[in-house]
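J.: Encoded as structure tokens, here's the structure I'll be asking about.
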Amino acid sequence: MTGTAAPTPRIPIAPHMQVYRPTLTMVMSIMHRLTGTALYAGTVVFVWWLVAVAAGRVAYETFLDVFGSVPGLVVLFGLTWAVLHHALGGIRHLIWDVGRAHTYPWREYLARANLIGSLTLSATLWVVFYPW
Amino acid sequence: MRAFLPLNFGTDTASWVAKGKIWNTPAGAKATRVFEIYRYDSESGRGPRLDVYHIDRGSCGPMVLDALIKIKNEIDPTLTFRRSCREGVCGSCSMSIGGRNWLACTQRIDDIEGSIRIFPLNHFPVKKDLVVDQRHVLAQHQIIQPWLKTAKPAPEGEWLQSPEDRVKLDGYYECILCFSCTGGCPSYWWNGDRYLGPAVLLQAYRWIVDSRDEATGQRLDTLEDPFRLYRCHTIMNCTKTCPKGLEPAKAIARIKAMLVARQH
Ligand code: HEM
Ligand code: SF4
Ligand code: FES
């Protein structure tokens, strides 16, 4: 065909994430993905630690300097929380996958248990094992 | 919290919602409720806008649909929406009300605080005001072949089913295809072109578990696909927003479990 075609009218799409009232399970889904992604970065830290242990005193002290600093400790605490939150999230998914706890209020309790559980476990581990 | 984001966060120019007209407060009204309603008319040559209506609660029925009808009858006859049964059985009047999807005819006005924001079903293309274009999701419904498929010769009377087998349809046959769940599903927002969404998958399960149906294997084959089924990340918005109290997420979990089970 030649000539100018009439511009196709652009049809609006109804707003979605802009207007949806946040739900706890929806936020937990986002957090599961965020923590999963954070764990990818976490494996780099973990491998660094393994190599530092193998490489000897100087390399290991460098690792200690980096992760013994305040920003380093924040990263380590964050990774502790990420791995626990993601692992508990995995159990949450498993429970839902076998068809349990889909009804109100159990699905909300499950999501809350995931969040509260990961926060208290991380805090407990650090309070107990870190030489304050 | 009302919503994650500002109204026009990240929207394309065609979907951008402008401020609309503010309609007058009714004279002598005792209890006024504010409705913010999404308006769009493709013939106006302009994009969507959000109009504000003030309703006298004292002279309005209890449901959001009553308010919409009141607006159409008394304030603005151009307001367009779908409704038929006005008692939660036809599925026509599903829309986004106060940040979740529900049937306007079963959503009480008094159960929502503050101004009531109403949009068409999330992420559907808009035809006019609160009426959305359902062609795509209805084509997806056809993919799962929502009818009884049998190989055996038809019996003289009906296809019989034991009461125990009939019970397996409870919680699934009641779906009225309002698509509240599909509209509320973030996975459908991002992958709705290929992901079938909770309503269609619940329907798929309804036929899979029907003891009279003889195409179970073929139905599972149709769903064994990274996009059609496995874009479900169990976000749970579907189950929370179903105005009939059904559990689409559970139906989807059951399908996933059947796909795993048949590998062994
Ligand atoms: C270092 C270890 C891990 C890494 C790097 C990791 C990473 C990830 C990533 C990137 C995702 C994708 C997120 C998404 O699609 O929403 C994911 C999903 C998932 N992870 Fe992990 N993960 C790890 C450990 C675990 C553990 C220990 C569990 C279980 C106890 C688990 C259970 C799951 C489940 C069930 C999903 C799927 C969620 C969904 O359907 O959306 N993961 N993981
Ligand atoms: S499962 Fe519920 S929300 Fe989804 S289409 Fe059916 S009735 Fe509507
Ligand atoms: S009008 Fe039929 S479901 Fe609301």
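The values are calculated or read from the model by the stated rules, or taken from the named source; none is laboratory data. Computed from a predicted model, the values in this text were never measured in an experiment. Methodologically, a virtual Cβ is constructed for each residue, glycine included, from the backbone with ideal geometry; neighbour enumeration extends over all protein chains shown. To get the accessible areas, we keep the full protein, side chains included, count just its heavy atoms, and leave off ligands, DNA and RNA. Shrake-Rupley method; radii C 1.70, N 1.55, O 1.52, S 1.80 Å.
J.: Taking Rh as the Kirkwood radius, which is the inverse of the mean 1/r over Cα pairs, what is the Rg/Rh value for chain B? Display every interim value, and only then the final one.
T.: On the way: Rg = 20.8 Å, Rh = 20.2 Å.
In chain B, Rg relative to Rh is 1.03.
J.: For a distance above 18 Å, tell me the whole-number percent of Cα pairs in region B:13-132 that qualify.
T.: On the way: 3406 of 7140 pairs.
More than 18 Å apart: 48 percent of the Cα pairs in region B:13-132.
J.: Relative to the first principal axis of the alpha-carbon coordinates of chain B, what is the inclination of helix B:197-208, with its axis defined by its Cα atoms, in degrees from 0 to 90 and to the nearest 10?
T.: It works out to around 30 degrees.
J.: Okay, next question. Do any cysteines in the protein assembly as shown lack another Cys Cβ under 4.7 Å, and if so which?
T.: B:Cys60, B:Cys93, B:Cys105, B:Cys175, B:Cys178, B:Cys185, B:Cys232, B:Cys242
J.: In addition: Anything over 25 Å Cα to Cα? Flag those among B:Lys21/B:Lys128; B:Lys70/B:Lys127; B:Lys70/B:Lys240; B:Lys128/B:Lys149; B:Lys168/B:Lys240; B:Lys152/B:Lys256, in the order listed. Before the final figure, lay out the partial values.
T.: On the way: B:Lys21/B:Lys128 17 Å; B:Lys70/B:Lys127 22 Å; B:Lys70/B:Lys240 29 Å; B:Lys128/B:Lys149 37 Å; B:Lys168/B:Lys240 21 Å; B:Lys152/B:Lys256 27 Å.
As for pairs spanning more than 25 Å Cα to Cα, those are B:Lys70/B:Lys240; B:Lys128/B:Lys149; B:Lys152/B:Lys256.
J.: Leaving out ligands, DNA and RNA, what percent of the accessible area of region A:18-129 is carbon and sulfur, probe 1.4 Å?
T.: Values: 5020 of 6620 Å².
Whole-percent figure for carbon plus sulfur exposure: 76.
J.: Next question, about the same structure. Is region A:1-119 best put as rounded, prolate or oblate by its Cα gyration tensor, with a ≥ b ≥ c the root eigenvalues, rounded for a/c under 1.5, and otherwise prolate when a/b is larger than b/c, oblate when not?
T.: The shape class here is oblate.
J.: Can you give me the % of accessible surface on region B:13-132 that is carbon or sulfur? Probe 1.4 Å, all protein chains present, nothing else counted. Mind dumping the intermediate values first?
T.: Numbers: 2730 of 5630 Å².
Within region B:13-132, the accessible surface is 48 percent carbon and sulfur.
J.: Right, here's the next one. Let a ≥ b ≥ c be the square roots of the eigenvalues of the Cα gyration tensor of the protein assembly as shown; is it rounded (a/c under 1.5), or, if not, prolate (a/b larger than b/c) or oblate? List each step's numbers first, then the result.
T.: Working: a/c = 1.94, a/b = 1.33, b/c = 1.46.
Oblate, because a/c is 1.5 or more while a/b does not exceed b/c.
J.: Nearest 100 Å², what total accessible surface is buried between chain B and chain A (probe 1.4 Å)?
T.: Details: alone 14250 and 10260 Å², together 21050 Å².
Buried area between the two chains comes out at roughly 3500 Å².
J.: Quick one: angle between helix A:106-129 and the longest Cα principal axis of chain A, in degrees between 0 and 90, rounded to 10, please.
T.: The two axes meet at around 20 degrees.
J.: Something else now. Where does chain B land at 222 nm, in deg cm²/dmol rounded to the nearest 500, when only DSSP H runs of n ≥ 4 count, each adding -39500 (n - 2.57), divided by all residues? If you can, show how the numbers build up before the last one.
T.: Details: 9 runs with 70 residues, N = 264.
So the calculated ellipticity at 222 nm is -7000 deg cm²/dmol.
J.: State in Å² the accessible area per residue of region B:13-132; use a 1.4 Å probe, count heavy atoms of protein chains only, and round to the nearest integer. Let's see the in-between values first.
T.: Values: 5630 Å² over 120 residues.
Solvent-accessible surface per residue comes out at 47 Å².
J.: Going 7 Å from the Cα of B:Ile22 in the Cα-to-Cβ direction, what parts of region B:36-66 have a backbone nitrogen less than 12 Å from that spot?
T.: Once the point is set 7 Å along Cα→Cβ of B:Ile22, B:52-54 turn out to lie under 12 Å by backbone N, inside region B:36-66.
J.: If each of B:Ala31 and B:Asp133 carries a label point 7 Å out from its Cα toward its Cβ, how far apart are those two points in nm?
T.: 4.1 nm
J.: Please work out whether region B:135-261 counts as rounded, prolate or oblate from its C-alpha gyration tensor, where a ≥ b ≥ c are the square roots of the eigenvalues and a/c under 1.5 means rounded, while otherwise a/b larger than b/c means prolate and anything else oblate? Mind dumping the intermediate values first?
T.: Numbers: a/c = 1.88, a/b = 1.59, b/c = 1.18.
Prolate, since a/c reaches 1.5 and a/b exceeds b/c.
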